[in-house]
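Asks: Quick one: this structure, given as structure tokens, is what I'll be asking you about.
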Amino acid sequence: MSRPTKLFETYKLGPIALANRVVMAPLTRNRAAPGTFVPSPLAAEYYGQRASAGLLITEASQVSQQGQGYQDTPGIYSKEQVAGWRKVTDKVHERGGKIFIQLWHVGRISHVDLQAGGAAPVAPSAIRAKGKTFVNGTFADVSEPRALELSEIPGIIDDFKRATKNALEAGFDGVEIHGANGYLLDQFAKDGANKRTDAYGGSIENRAKLMLEVSRAVAAEAGADRTGIRISPVTPANDISDSNPQALFDYITDGLNALKLVYLHVVEGATGGPRDFAPFDYTSLRKRFSGAYVANNGYDFDLATKVLEANAADLIAFGKPFISNPDLVERLKKGAALNDWDKNTFYGGGAKGYTDYPTLAAEPAE
């Protein structure tokens, strides 16, 4: 029996008809081909298995080599990568699904071994994050970054623009800009990481500038109705912080709303941690943004149902449950037990813990 909820209602996301309001959140899996960073041959099956979600958002994919921060994450800047992603979108579409790619520049959360010629990672300011990255098969401290020159910023925007063009060529239904979790756009926005004194530092307006300029460029390429963005106002992920996140993200959301982006994907609380990590009024963002509000972080069936019923969100993004439950939508509908995930196979490896989690249909009857 289906359980009463809005979660399984269809939803019109701009021009795209979603089968339900369940979103598969972006999940880094570190299985791209080493050296070329082409999505794994298994990626098409992995995403295809999960195509019953209303919308799939891929793992974060770097817009340039400079934008890479972890071992074996996929890119969206080469012809080979575009061809690899095309296999993924074809499989998802063949199974009736819709899929956006998440566009990523990690900024300072990187390592010299991942950068061309062993160069320093780039950041708004030369402040090293206290944190680790995954490189050479192990977790290592992130490297000391250098501050981007003012003259380099248009190139970053162009990288996002080119990645968007590539994403459309690869058959994606749209793109999500990664503005969250302490990566480059979030680093520029938040004053814990941004100590610049030029047009991209200081005031909220200046710090928000890069995120909004990237959003404008991406929307011009993909269409605003196929462009979403992910933000995480109060997360401490990757050593990020801001002295006044409410004012900052109210301002950013007004700017994103003016660009008419199709959705705002909000990590509520600490990424993968407590939802009440710090005080923040998410309803303020909901009110300011006329597109779809995608709520994320620690949602289960009951919380999703409650939030949709209260009209506090339009879509609900589930993360880790999708790793271990390719048929999560069906399991939620039936109130069936969920498979437990295996943390040891989250990052790197092959089919084990990636494409081999069982569906209800594949399980023996009791």
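Asks: Give me the tail of P(r) for segment 1-154 as a percent: Cα-Cα pairs with distance above 19 Å. Mind dumping the intermediate values first?
Replies: Details: 6897 of 11781 pairs.
Result: 59 percent of Cα pairs exceed 19 Å.
Asks: In whole angstrom, and with the biggest value first, how far do the Cα coordinates of segment 78-202 range along each principal axis?
Replies: Principal extents (largest minus smallest coordinate, Cα): 48, 36, 25 Å.
Asks: Something else now. Need one value: the accessible area of Phe301 in square angstrom, 1.4 angstrom probe, rounded to the nearest 10.
Replies: Accessible surface of Phe301 is approximately 20 Å².
Asks: Have a look at the chain and give its Rg and Dmax from the Cα atoms, expressed in angstrom.
Replies: Expressed in Å, the Cα Rg and Dmax of the chain come to 19.2, 66.
Asks: At a temperature of 10 °C and a viscosity of 1.306 mPa s, determine how fast segment 165-264 diffuses translationally according to Stokes-Einstein, using the Kirkwood radius over alpha-carbon pairs as Rh; express D in µm²/s, rounded to the nearest whole number.
Replies: Once the numbers are plugged in, D ends up at 116 µm²/s.
Asks: While we're on this one: Note the full-extension length gain between Asp158 and His93 as 0.36 nm times their separation in residues minus their Cα-Cα distance, in nm to one decimal.
Replies: Gain on stretching Asp158 to His93: 20.6 nm.
Asks: Calculate the spin-label point distance for Lys343 paired with Ala258, positioning each point 7 Å from the Cα along the beta-carbon direction, and give it in nanometres.
Replies: Result: 4.4 nm between the two label points.
Asks: I've got another one for you. Computed FRET efficiency, Cβ-Cβ of Lys352 and Ser290, R0 51 Å: what is it to the nearest 0.05?
Replies: Working: r = 44 Å, r/R0 = 0.86.
Efficiency computed from Cβ-Cβ geometry: 0.70.
Asks: Here's another thing I want to ask about it. Order the peptides 225-233, 254-262 from the highest to the lowest mean number of other Cβ atoms within 10 Å of their residues.
Replies: 225-233, 254-262
Asks: State the Cα centre-to-centre distance between segment 285-300 and segment 79-119 in whole Å.
Replies: Result: 25 Å between the Cα centres.
Asks: Rounded to whole Hz and in sequence order, give me ³J(HN,Hα) for segment 155-171 from the Karplus expression 6.51 cos²θ - 1.76 cosθ + 1.60, θ = phi - 60°, writing x for Gly and Pro.
Replies: x, 5, 4, 4, 4, 5, 5, 5, 4, 5, 4, 5, 4, 5, 5, 7, x
Asks: Tell me the mean residue ellipticity at 222 nm calculated for the chain from its helices only (DSSP H runs of n ≥ 4, each -39500 (n - 2.57), averaged over every residue, nearest 500).
Replies: That calculation yields -9000 deg cm²/dmol at 222 nm.
Asks: Using a Förster distance of 25 Å, how high is the FRET efficiency between Phe277 and Lys132, based on the Cβ-Cβ distance and rounded to 0.05?
Replies: Values: r = 20 Å, r/R0 = 0.79.
Once rounded, the FRET efficiency stands at 0.80.
Asks: Give a residue-ordered list of calculated ³J(HN,Hα) values for segment 139-145 (Karplus: 6.51 cos²θ - 1.76 cosθ + 1.60, θ = phi - 60°; whole Hz; x for Gly, Pro).
Replies: Those phi angles translate into 8, 9, 4, 5, 7, 5, x Hz.
Asks: Please list, in chain and number order, the residues 5+ apart from Val122 or on another chain whose amide H is under 5 Å from its amide H, with Hs placed from the backbone.
Replies: Amide H neighbours of Val122, under 5 Å, 5+ apart: Arg146.
Asks: Let me ask another. For segment 303-313, just list the computed ³J(HN,Hα) in residue order, Karplus coefficients 6.51, -1.76 and 1.60, θ = phi - 60°, integers in Hz, with x standing in for Gly and Pro.
Replies: Taking θ as phi minus 60°, the curve returns 5, 4, 4, 5, 5, 5, 4, 7, 6, 8, 7 Hz for segment 303-313.
Asks: For Thr58, which sequence-distant residues (separation of 5 or more, or a different chain) have an amide H within less than 5 Å of its own amide H, given hydrogens modelled in the peptide plane?
Replies: Answer set, sorted by chain and number: Phe100, Ile101, Gln102.
Asks: Separate question: Whenever you get a sec, line up Asp300, Asp340 from highest to lowest accessible area (probe 1.4 Å, protein heavy atoms).
Replies: Asp340, Asp300
Asks: So, in nm, how far is label Ala140 from label Ala362 when the simple model puts each one 7 Å beyond its Cα toward the Cβ?
Replies: About 3.5 nm, to one decimal.
Asks: A follow-up question, please. Give me the compactness ratio for segment 177-233, meaning the Cα radius of gyration over 2.2 N^0.38 Å.
Replies: Against the empirical 2.2 N^0.38 Å value, I get 1.13 for segment 177-233.
Asks: Work the Kirkwood hydrodynamic radius out for segment 3-70: mean of 1/r over every pair of different alpha-carbon atoms, inverted, in Å.
Replies: This gives a value of 14.0 Å.
Asks: Say each of Asp302 and Glu169 gets a label point 7 Å from the Cα, pointing the same way as Cα to Cβ; how far apart are those two points in nm?
Replies: In this crude label model, Asp302 to Glu169 measures out at 4.9 nm.
Asks: Now a separate question. Rank these residues by their accessible area, most exposed first, probe 1.4 Å: Ile157, Ile323.
Replies: Reading off the accessible areas and sorting them downward yields Ile157, Ile323.
The values are calculated or read from the model by the stated rules, or taken from the named source; none is laboratory data. Computed from a prediction, not measured in an experiment: that's the story for all the values here. Positions of Cβ are generated from backbone atoms using ideal geometry, with glycine treated the same way; all protein chains shown enter the neighbour counts. Surface areas here come from the heavy atoms of the whole protein model, side chains and all, with no ligands, DNA or RNA. Shrake-Rupley method; radii C 1.70, N 1.55, O 1.52, S 1.80 Å.
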